[in-house]
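**Q** I have a structure I would like to understand better, so I am pasting it below and will then ask my questions one at a time.
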Amino acid sequence: MDALRKQASKFREQVAKQQQAVIKQFTSSGYESSDVMVTDEAELQRHQQLEKLYSSTRTGKNFQRDVLRAAEGFMANGLKQIEIGMKLAEDCRKYGVECNDNGMLLKAASLYASARAHVEKEQEEFNRTLSSQVLEPLRSMVTGAPLEDARHLAQRYSRMRHEAEQQAAEVSRRQAKSREAPIIENSAKLQVAESKMHEIRANMVVLGKEATAALAAIESQQQRMTLQRLIAMVEAERLYHRRVAEILDDVEAQMLAEKQRKESAPPVVSPESSSEKALYFLAEAIHAFTAGSEKELSLSVGDYVVVRQVTPVGWSEGECGGKAGWFPSAFVERRQGIPSNKVIAEVF
């Protein structure tokens with residue numbers, strides 16, 4: 001008879017284990033997976049919600065680290081660009097000191113050296129913005145106590161579920177012994193096991209709610225914070241590139257203007273190179289011309305000019321109204337009837 005009771009008890013324990021195996025929780029990617037027997041639907045939903053929150057907050061934390069690494073990379077590249085830019089600016093200044101030529105290249109080198117200094121300031125400002133508006137807030141949240149505290153609550157809840165599983169098995173054993181031998185001692189031990197089981201379940205409910213609320217708050221804060229920092233990083237980068245583009249546009253315009261001015265300026269003709277037998281002729285201004293420097297001669301339409309030199313680059317030198325200087329050859333027209341070999345000694 002005792003053998004039959006033992007066999008029946010062993011069979012009941014096997015059935016109980018099979019039931020627990022059927023309804024046990026699946027493996028989770030977040031906090032520890034559990035083989036705890038689901039006690040009710042509410043507890044099951046809470047457990048599943050905690051698994052999702054634990055996983056999502058871990059994913060959010062990893063993404064924040066990705067953003068941190070990107071921002072740190074931008075700053076490192078910026079520091080390297082500053083170093084390269086400073087070296088090039090110094091080379092430009094060195095060229096200006098050592099070069100005796102006062103041509104377009106010297107002017108362009110000087111302009112670029114000045115522009116590089118402004119670009120470096122913008123890069124430093126960009127790095128400061130990344131540090132204060134992206135790196136510091138995200139790093140504070142990734143390593144902060146609220147996230148770890150919430151995750152520890154979820155881990156405590158997971159351990160309590162394991163404890164509940166062990167206690168449920170203990171209750172099953174006590175129930176089996178009470179049925180096999182319904183004595184006072186077995187009944188008392190069963191009551192103690194059941195009381196402990198109820199206490200654990202009550203603590204699970206409280207801890208589960210607390211952990212769920214904490215992780216949900218962290219998840220919301222993570223998403224809000226990460227979005228804000230991403231927007232701040234994009235805005236800072238956009239502003240940096242816009243300002244650098246403005247600086248480079250300005251220096252390019254100055255270089256091109258200087259190049260155009262040099263190319264369109266009247267030629268410098270030394271007195272020794274001009275022939276003493278140069279032939280003068282009289283011309284009339286057909287277009288107004290405003291002098292851009294002391295070397296140039298302003299003309300009004302109808303003015304008569306004694307042209308003394310004509311260069312192949314489109315500029316002529318002459319005298320009008322007691323003033324001499326250079327003007328575009330195309331702005332005057334030679335008057336017919338004046339002998340080309342007659343030297344005009346004075347202007348009207």
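**Q** First measure r as the distance between the Cβ atoms of GLU199 and THR59, then evaluate 1/(1 + (r/R0)^6) with R0 = 30 Å and state the FRET efficiency to the nearest 0.05.
**A** 0.30
**Q** Something else now. Quick one: how many Å² of LEU106 are accessible to a 1.4 Å probe, rounded to 10?
**A** 30
**Q** May I ask you to work out the translational diffusion coefficient for the stretch 166-223 at 10 °C, viscosity 1.306 mPa s, via Stokes-Einstein with Rh from the Kirkwood sum over Cα pairs, reported in whole µm²/s? Could you put the intermediate results ahead of the total?
**A** On the way: Rh = 13.5 Å.
Translational D for this selection: 118 µm²/s.
**Q** Let me ask something else about it. Measuring from a point 7 Å past the Cα of ARG159 along Cα-to-C-beta, which residues in the stretch 195-210 have an amide N at less than 16 Å?
**A** Within reach of a label on ARG159: 200, 203-204, 207-208.
**Q** Using a 1.4 angstrom probe on the protein heavy atoms only, line up MET204, MET86 by accessible area, largest first.
**A** Ranked from most to least accessible, the order is MET86, MET204.
**Q** Moving on. Under the 0.36 nm per residue contour assumption, what length would be gained going from the current alpha-carbon distance of ASP40 and GLN336 to full extension?
**A** Details: separation 296, 0.36 × 296 = 106.56 nm, distance 11.61 nm.
Length gained, ASP40 through GLN336: 95.0 nm.
**Q** Next up: Can you work out the FRET efficiency for the pair GLU125 and VAL234, with r the C-beta to C-beta distance and R0 = 22 Å, to the nearest 0.05?
**A** 0.90
**Q** Pull out the extension gain between ALA213 and GLU246, defined as 0.36 nm times the separation in residues minus the alpha carbon to alpha carbon distance; nm, one decimal.
**A** Net length gain for the segment: 6.9 nm.
The values are calculated or read from the model by the stated rules, or taken from the named source; none is laboratory data. Quick caveat: nothing in here was measured; it's all calculated off a predicted structure. FYI the Cβ positions are ideal-geometry reconstructions off the backbone, even for glycines, and counts take in every protein chain you see. Areas reflect the complete protein model, heavy atoms only, side chains present, ligands, DNA and RNA absent. Shrake-Rupley method; radii C 1.70, N 1.55, O 1.52, S 1.80 Å.
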